[in-house]
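S.K.: This is the structure I have questions about; it appears just below.
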Amino acid sequence: MRYVSTRGGGDPRQFCDILLEGLAPDGGLYLPATYPRLDAATLAEWRQVLADDGYAALAHRVLLLFVDDIGSDDLLAICQRAYTAEKFGTDEIVPVTPLGDNGMWLAHLSEGPTAAFKDLAMQLLGELFEYELTRRGRTLTILGATSGDTGSAAEHAMLGKESVRVFMLSPRGRMTPFQQAQMYGIDNPAIVNITVAGPFDDCQDLVKGVFADLQFRADHSLGAVNSINWGRLVAQVVYYVASWLRATKADDEQVSFCVPSGNFGNICAGHVAREMGIPIRRLILATNENNVLDEFLRTGVYRVRPSSETYETSSPSMDISKASNFERFIFDLLGRDAERVRELFAGELVRTGQFDLSDTSEFAVLASTYGFVSGTSTHADRVETIRTVHARTGVTIDPHTADGVKVAEGFVGNEPVIVCETALPVKFSATIVEALGHEPERPERFVGLESLPQHVVDLHGGVDALKSLIVERV
Ligand SMILES: *Cc1c(COP(=O)(O)O)cnc(C)c1O
């Protein structure tokens, strides 16, 4: 399998090269040159693999189709280290359960170390990084910014990996106490938490400022783990396959998925699974008040929002103004015409802040060809949905998952609708208290988390101060 850039530049690359690279040199995102197509016999075989050998074995089968520069035995060992019952709480790794009796299901993607679906991708990425860096005799210094879930998932995945250091910036005092404790409670010299006075955007600007110094970047082998990394996406394809298998009995039985979305990373993996031939009827995209993607799917206009129009909501991990993975889907939608993609994302979007595909033949068939539909949910919807789901089923869902359930309700059909649970309620207790009048249940592993001693450095100064800190601590 070779990988190409959505903007058409450069030669096709192999998996391990793009794993450590992030963005393509031409500014595009990497995708497989073609999607593997699954035949009926393979689907039947995978059903047996999941039943007999479990999630890690299924992950191995899926990854083999995308990775040809790691030997099969090594790849299996990587998957087995990433997906253990110890880390994910159950042998199933991703349990899938009915949510009431109206055809809705919940895919429990948030049972990992930091209680968000990002663990499923990060745990695999951590193992892949360690494997490939050791093979190349290299080390990597991950520099990133987080508004909550990404940073803690990355830190817990890289913890104990000999070849990796992490420097993670977060906005001082703006994450939930639980999220802060998850990151700052880590006591390890290879993980450096840095707080910045100001919003998340300031953190991101500082990171970009350091990355812009190409010499510094090379000297300190800086890398990133953001959601555009193909390694994360391919890890997510696995749980679409596993969830479909768990909610169906026959290999031609269709399901739909509803996905609380921000950067289009999670649902993009659903799109890849569907292109591979997993019988997915619809991909239902749910947004909160920051509904850039819902707007595009309804109107064909993709309009990036300025920060003045980006709202702080009670599903904060979906508070985005532009969706960093969206270019991948547009590449497929436009028949993989890299020149048009480049003109849209490096041209029109940069010049005008938007592009409009409403008059194109591709947009006209978007829903019928790719299965995408969408909806927006609000704070009032989240609170009401958390309350009604709890009353109806006894299950407490987090505010992001509630956005998904709310939007999914508009599309319940004959096929099972699987809602992706993207976080556990314990991470966002204030909204749970507002909806239910009591704190969410706290899983055993998080008891006492907030009383651990916290390890964090306050950054005073700009890009140069950050660089000095990196030099000092690497
Ligand atoms: C990251 C995140 C999302 C958004 O996922 P994308 O892949 O960016 O679309 C939704 N919910 C939670 C809880 C998250 O952490």
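S.K.: Using the Kirkwood radius over C-alpha pairs as Rh, can you work out the diffusion coefficient of segment 199-341 via Stokes-Einstein at 20 °C, viscosity 1.002 mPa s, in µm² per second?
M.R.: 125 µm²/s
S.K.: Dipole size in debye (nearest 20) for segment 313-379 around its Cα centre, Lys and Arg Cβ +1, Asp and Glu Cβ -1?
M.R.: That gives a dipole near 180 debye.
S.K.: Whole angstrom only: what separates the Cα centroid of segment 346-418 from the Cα centroid of segment 302-323?
M.R.: After rounding, the separation between the Cα centres reads 15 Å.
S.K.: Given Ala145, Pro279, Pro95, which one lies farthest toward the positive end of the charge dipole of the chain, if we put +1 on the Cβ of every Lys and Arg and -1 on the Cβ of every Asp and Glu?
M.R.: Ala145
S.K.: If you put +1 on each Lys and Arg Cβ and -1 on each Asp and Glu Cβ, how big is the dipole of segment 400-444 around its Cα centre, in Debye rounded to 20?
M.R.: Dipole of segment 400-444, to the nearest 20 debye: 80 debye.
S.K.: Under 13 Å Cα to Cα from Lys467, which aspartates and glutamates show up? Leave out anything in the same chain fewer than 8 places away.
M.R.: Cα-Cα hits under 13 Å: Asp213, Asp219.
S.K.: For segment 372-474, run through the GluC sites (Glu not before Pro) and keep only the ones in DSSP coil with at most 14 other Cβ atoms within 10 Å of their Cβ.
M.R.: Sparse-neighbourhood loop GluC sites (Glu not before Pro): Glu441.
S.K.: What's the center-to-center distance, using Cα atoms, between segment 1-25 and segment 177-235 in Å?
M.R.: About 22 Å separates the Cα centre of segment 1-25 from the one of segment 177-235.
S.K.: Continuing with this model, one more query. At a Förster distance of 56 Å, what's the computed FRET efficiency of Gln454 paired with Asp11, Cβ-Cβ distance as r, to 0.05?
M.R.: It comes to 0.75.
S.K.: Continuing with this model, one more query. For Cα pairs less than 8 Å apart in space and 6+ apart in sequence, what is the mean separation divided by the residue count of segment 172-317, i.e. the relative contact order in percent?
M.R.: Worked out over segment 172-317, it gives 15 percent.
S.K.: Now for a separate question. So what's the back-of-envelope 222 nm ellipticity for the chain, counting only DSSP H runs of four-plus at -39500 (n - 2.57) apiece and dividing by all residues, rounded to 500?
M.R.: One gets -12500 deg cm²/dmol as the mean residue ellipticity at 222 nm.
S.K.: How large is ³J(HN,Hα) for each residue in segment 210-221, as worked out from phi by the Karplus curve 6.51 cos²θ - 1.76 cosθ + 1.60 (θ = phi - 60°), to whole Hz, x for Gly and Pro?
M.R.: Those phi angles translate into 6, 4, 5, 8, 4, 5, 4, 4, 6, 4, 10, 5 Hz.
S.K.: Related question: Taking the number of other C-beta atoms within 10 Å as the exposure measure, put Thr150, Thr310 in order starting with the fewest.
M.R.: Ranked by crowding around the Cβ, least crowded first: Thr310, Thr150.
S.K.: Just subtract the alpha-carbon distance of Lys208 and Ala380 from 0.36 nm times their residue separation and send over the number in nm, one decimal.
M.R.: My answer for the length gained is 58.4 nm.
S.K.: Computed FRET efficiency, Cβ-Cβ of Asp201 and Glu45, R0 51 Å: what is it to the nearest 0.05?
M.R.: 0.60
S.K.: Per the Kirkwood formula on distinct C-alpha pairs, the Rh of segment 1-92 is how many angstrom?
M.R.: For segment 1-92, the Kirkwood estimate is 14.9 Å.
S.K.: Cross-link candidates for Lys87: which lysines have Cα within less than 24 Å, leaving aside residues fewer than 8 places away along the same chain?
M.R.: Lys118, Lys161, Lys427
S.K.: Order the peptides 23-31, 394-402 from the highest to the lowest mean number of other Cβ atoms within 10 Å of their residues.
M.R.: With the highest mean Cβ count within 10 Å placed first, the list reads 394-402, 23-31.
S.K.: Then there is this: Evaluate the charge dipole of the chain about its Cα centre and quote only its size in Debye, nearest 20, assuming +1 on the Cβ of each Lys and Arg and -1 on the Cβ of each Asp and Glu.
M.R.: So the magnitude is around 300 debye.
S.K.: Please say if the chain is rounded, prolate or oblate, where rounded means a/c under 1.5 for a ≥ b ≥ c the square roots of the C-alpha gyration tensor eigenvalues, and otherwise the choice is prolate for a/b larger than b/c and oblate otherwise?
M.R.: Verdict is rounded for the chain.
S.K.: Lys/Arg Cβ at +1, Asp/Glu Cβ at -1, dipole of segment 407-474 taken about the Cα centre: which of Cys420, Leu466, Ser451 is farthest positive-ward?
M.R.: Leu466
Here, each number is a calculation from the coordinates, and none is a lab measurement. What you see is a predicted model, and the numbers here were worked out from it, not measured in a lab. Positions of Cβ are generated from backbone atoms using ideal geometry, with glycine treated the same way; all protein chains shown enter the neighbour counts.
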